[in-house]
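This report refers to the structure that appears directly beneath it.
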Amino acid sequence: MDDYIRLDVSMKVTAVSIRRGGKRVWRGKCPSDPKLIADLIRKRAPSAKRVIFETGPLSVWFYHALRDEGLPAICIDARHAKAALDMAANKTDADDADGLAHLAEVGFYREVRVKGFDSMLTRTLVAARTRLVRICTELSNQIRGLMKTFGLVVPAGKGSTFEKNVRSLLVHHDGLSAIVLPMLEAWRGLRIRAAELGRQLVAGARQNQACRILMSIPGVGAITATSFATAVEDPNNFKNSRSVGAWLGLTTRRYQSGEVDYDGHISRRG
């Protein structure tokens, strides 16, 4: 007889519920380690049919790790799961696990596509580079603001020009130099690291056929091309180009009920 397993994953502990033949046969907790969870499932549920868990910070890792262990892991939409669990009188991790194990058994869930590790690694590179660039901008603006308080206006300029201008203005201001120069050194180090990640990003885009095609479009650079290519991942995941636009939140949504008819625009980032 098939076993249906639900995992309620948290950072430290995962609640596990196993159902068989319409009844719960085991419920417990396990450290949030896919290998330990896989060993537990093989022991308690040797005929695992579905192992479901919700989308979350650990979902990509759990999905691929459990799949590598040979388990039929399925990641489901957390919003869809929440709608089903809100009907329960009491909300605990154990009750959530029981409720979603039942959903796994009856097949009432919405599976989501989990990106591969390569795509997630590239998306992490884009995010890390973007964050460093933003921190550099914030830090340079902070330096400009601090110096302006003492009547030192840093001329317009970026990169090495900005650093040169700051140092020249601080020549005769020893007290302020002791405060601003450490910030300038931090800014310089972050700028170097951001440039290194940028070079990795460009090199990867040049080796990717999809990115090269996208970069042939005027105005599309390595960052935009890489972000789009890793988001779509496999074009076969979509029936047509309209589906891609809707998935990215670039199409309008219509809400109609009785005399209400509203067209609104959905904005989705990330």
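The values are calculated or read from the model by the stated rules, or taken from the named source; none is laboratory data. Small disclaimer: the values here were computed from a predicted structure and weren't measured. Glycine also receives a Cβ, built like all others from the backbone with ideal geometry; neighbour counts cover every protein chain displayed.
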For Val202, are the conditions met, namely being within 38 Å of the chain's Cα centre (by Cα) and either of a type outside the set (Asp, Glu) or not in a helix (DSSP H, G or I) (or both)?
yes
Per the filter on the range 169-179, residues surrounded by 12 or more Cβ atoms within 10 Å (Cβ to Cβ) and out of contact with any helix residue (DSSP H, G or I) (no Cβ under 6 Å at 6 or more places or on another chain) are Leu169, His173, Leu176, Ser177, Ile179
Quick one: would you say Gly157 is out of contact with any Gly (no Cβ under 9 Å at 6 or more places or on another chain), more than 27 Å from Trp61 (Cα to Cα) and either modelled with pLDDT under 95 or not assigned by TED's automatic domain parsing to the domain that holds Lys23 (or both)?
yes
Quick one: Arg50 ticks every box in (1) at pLDDT 85 or above; (2) within 16 Å of Arg113 (Cα to Cα); (3) touching a strand residue (DSSP E or B) at 6+ places or on another chain (Cβ under 9 Å); (4) not in a strand (DSSP E or B) bar one, so which box is it?
(4)
Could you tell me which of the residues Arg191, Arg206, Arg199, Arg242 is of a type in the set (D, E, K, R) and not assigned by TED's automatic domain parsing to the domain that holds Ile135?
Arg242
I'd like to know if the range 16-28 contains one or more residues that are of a type in the set (Ser, Thr, Tyr), free of Cβ contacts under 8 Å to residues at least 40 places away in the same chain and assigned to a strand (DSSP E or B).
no
At pLDDT below 90 and under 20 Å from Arg110 (Cα atoms), is that true of Pro72?
no
Would it be correct to say that Thr149 is of a type in the set (Ser, Thr, Tyr) and under 24 Å from Val202 (Cα atoms)?
no
In the range 53-69, anything surrounded by fewer than 16 Cβ atoms within 10 Å (Cβ to Cβ) and at pLDDT below 90 is listed as Gly56, Pro57
